[in-house]
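The values are calculated or read from the model by the stated rules, or taken from the named source; none is laboratory data. This one's a predicted model, so the numbers in the text were calculated from it and none came from an experiment. Here Cβ is always computed from backbone atoms with ideal geometry, including for glycine, and neighbour counts include all displayed protein chains.
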Amino acid sequence: MMQGLIEQFGAVLGKQYVLTDDADKVPYLTDWRKRYTGKALAVLLPKTTDEVANIVKLCAAHHVAIVPQGGHTGFCGGATPDNSGNQVILNLKRMNQIRAIDSANQTITLEAGCILQSVQEKAAAQDFLFPLSLGAEGSCMIGGNLATNAGGTNVLRYGNTRDLCLGLEVVTAQGEIWNGIKGLRKDNTGYDLRDLFIGSEGTLGIITAAVMKLYPLPVSQWTTLVATDNIASTIALLTLFQKRATSLLTGFEMMTQESLALNEKHFPHMANPLKGNPPFTVLIELSDHESEEHVRKLLETILEEAFSANLISDAVIASNLSQANTFWHMREHITLAQAEEGANLKHDITIPLSSLESFIQDTDSLMRQKYPGVRIINFGHLGDGNLHYNIAPPLGLDPKAFNLSHEKAIHELVYAQVERCQGSISAEHGVGQLKLADLRAHKGAVAHDLMKALKRALDPQNILNPHKVVSI
Ligand code: FAD
Ligand code: 2HG
Ligand code: ZN
């Protein structure tokens, strides 16, 4: 029966785009973190929306589950199949066409398999900014960004992926094509289907194309690294920048001493240029459409004010683009430095800024008390209240063995504090399989039941990415 289905997939896509040999499937079976590995009946590589629709119809007829996949850089195992070997992976990488750039409407219409960085480059070539930016931009795809509602480093000014999306084209669980590919900034025609599919991690529909917003390309950008002594000063500094720079503030990223020490251990050329390894290093970026001097002057004025108010103890302004890039690389390499150390426990959380200090104090203290020697790698998009509160085992311990014994209890410890502070256990990375079991307790029973009802209504056969986000 399965052989017959494979042949039908081949008839839709062309045989060479139906991968069934083990060696061909391997690159699609393990996620970026190497945390999840699954098995697949086949890896399917469609080129058009009609092909996706026909594949879904075949899968629906044969009750075969589909795992949509982009760059497989997601952190929650959402794009990794289970171990049954009965699921198919639908990787969208061949759907990588830019369909149109509409300069007057300031929009780009593109297919789900476009690599994020290539979209930024295509937009820049037409003098536009596509603001979504994150460490995996060289390999993650727009479909994956939309399906996870990815955040990244520009959220403070431009919002999450959801805020950048105006329209979607989606293949439903029945293999129908929903054409919502409109570039409208206002459209109140009932329920917002677009927002339902964004962030649904492949469980409600397969995103095949989107209309995304473009912005004018800034002409000047200044990046600085500053040293702060504690979280209270760091938040006061954010408030100061928000007041003085308003919409010119495009980045506000926090890195702790321990995070940067780990970076330097693995990437010695990324030493922190600030004096004396400060407790907190903050990367701040201002962007504008006015002259370089205007922004530079504004930045200097705000920094002087911050020095006078004793909010910061040191600052280095990048003197050119290459140094600014080095500062950003330093920030983005923390994830890579952690990966070099082996498995770690990630907590991608949001905390209201007013509770951040108490969250960090209490969680750090409980963590160090219960797990002496544990390394707390805490960094993130502070401007959005988004911490990456990651836990690495004490030096000398095997990460896998440590995680096996303590993962559940450590997640519970952190999430209890998140709950106390009325935060979220998933800020920007999603739920996938990693947080599936935690969701009900943290989302609330009513919200969780509504999510299940939506899943049942849109995918009654449960063939789209089953047992990710919610189980029905
Ligand atoms: P995948 O990992 O392939 O898939 C992610 C989820 O989306 C899965 O559930 C999958 O089934 C579903 N999916 C994929 N494509 C489709 C589609 N076309 N239709 C429906 N469902 C689909 N994330 C952030 O938010 N902010 C960051 O700053 C950030 N930094 C990162 C840095 C590094 C070094 C790495 C490795 C990852 C980072 N991430 C970050 C996480 C990750 O890059 C994002 O979640 C990204 O949006 C995933 O895109 P992808 O194409 O790799 O999706
Ligand atoms: C980032 O902000 C990414 O760099 C990765 O979201 C976070 O490694 C992490 O936990
Ligand atoms: Zn992040």
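Every residue, every condition in (1) surrounded by 16 or more Cβ atoms within 10 Å (Cβ to Cβ); (2) closer than 30 Å to I66 by Cβ; (3) without any contact (Cβ under 8 Å) to a residue 40 or more places away in the chain, yes or no:
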site	(1), (2), (3)
I207	yes, yes, no
L248	yes, no, no
T281	yes, no, no
E293	no, no, yes
A306	yes, no, no
Residues (within 12 Å of ligand 2 (Cβ to nearest atom) and either in a loop (DSSP other than H, G, I, E, B) or touching a Phe, Trp or Tyr at 6+ places or on another chain (Cβ under 8 Å) (or both)) located in region 139-150: C140, A150
Some residue of region 64-81 being in the same structural domain as D24 (by TED's automatic domain parsing), surrounded by fewer than 23 Cβ atoms within 10 Å (Cβ to Cβ), away from ligand 3 (no atom under 16 Å from the Cβ) and of a type in the set (A, V, I, L, M): yes
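Go through region 183-205 and give me each residue that's surrounded by 15 or more Cβ atoms within 10 Å (Cβ to Cβ) and of a type in the set (S, T, Y).
Those that are surrounded by 15 or more Cβ atoms within 10 Å (Cβ to Cβ) and of a type in the set (S, T, Y): S200, T203.
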Residues satisfying the stated conditions in region 281-294, i.e. closer than 23 Å to G152 by Cα and either of a type in the set (D, E, K, R) or not in a loop (DSSP other than H, G, I, E, B) (or both): T281, V282, L283, I284, E285, L286, S287, D288
Only one of G180, G175, G159 that is closer than 18 Å to L132 by Cα, among the small types (G, A, S) and surrounded by fewer than 24 Cβ atoms within 10 Å (Cβ to Cβ): G159
Among (1) closer than 15 Å to A392 by Cα; (2) surrounded by fewer than 19 Cβ atoms within 10 Å (Cβ to Cβ); (3) away from ligand 2 (no atom under 11 Å from the Cβ), the one test that E357 misses: (1)
Test result for L311, under 31 Å from the mean Cα position of the chain (by Cα), assigned to a loop (DSSP other than H, G, I, E, B) and either modelled with pLDDT under 95 or not polar (S, T, N, Q) (or both): yes
One residue from A315, A339 being touching a strand residue (DSSP E or B) at 6+ places or on another chain (Cβ under 9 Å) and either more than 17 Å from L156 (Cβ to Cβ) or within 16 Å of ligand 1 (Cβ to nearest atom) (or both): A315
Region 21-54: number of residues that are part of a loop (DSSP other than H, G, I, E, B), more than 13 Å from ligand 1 (Cβ to nearest atom) and surrounded by fewer than 17 Cβ atoms within 10 Å (Cβ to Cβ): 3
Hits in region 276-308 (condition: modelled with pLDDT under 95, within 29 Å of the chain's Cα centre (by Cα) and of a type in the set (D, E)): D288
Residue count, region 138-163 (criterion: closer than 25 Å to L464 by Cα and not basic (K, R)): 16
Residues that are crowded, with 16+ Cβ neighbours inside 10 Å and in contact with a helix residue (DSSP H, G or I) (Cβ under 8 Å, 6 or more places away or on another chain), drawn from region 337-354: A337, Q338, E341, A343, N344, L345, H347, I349, T350, I351, L353
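Mind telling me which of the residues G180, G113, G190 ends up being modelled with pLDDT of 95 or more, within 29 Å of H388 (Cβ to Cβ) and either away from ligand 3 (no atom under 16 Å from the Cβ) or outside the structural domain of A245 (by TED's automatic domain parsing) (or both)?
Answer to the check: G113.
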Selection count where residues are under 12 Å from A210 (Cα atoms) and near ligand 1 (Cβ under 6 Å from one of its atoms), scope region 142-170: 4
Yes/no for M330 being over 26 Å from P273 (Cα atoms) and either away from ligand 2 (no atom under 16 Å from the Cβ) or modelled with pLDDT of 95 or more (or both): no
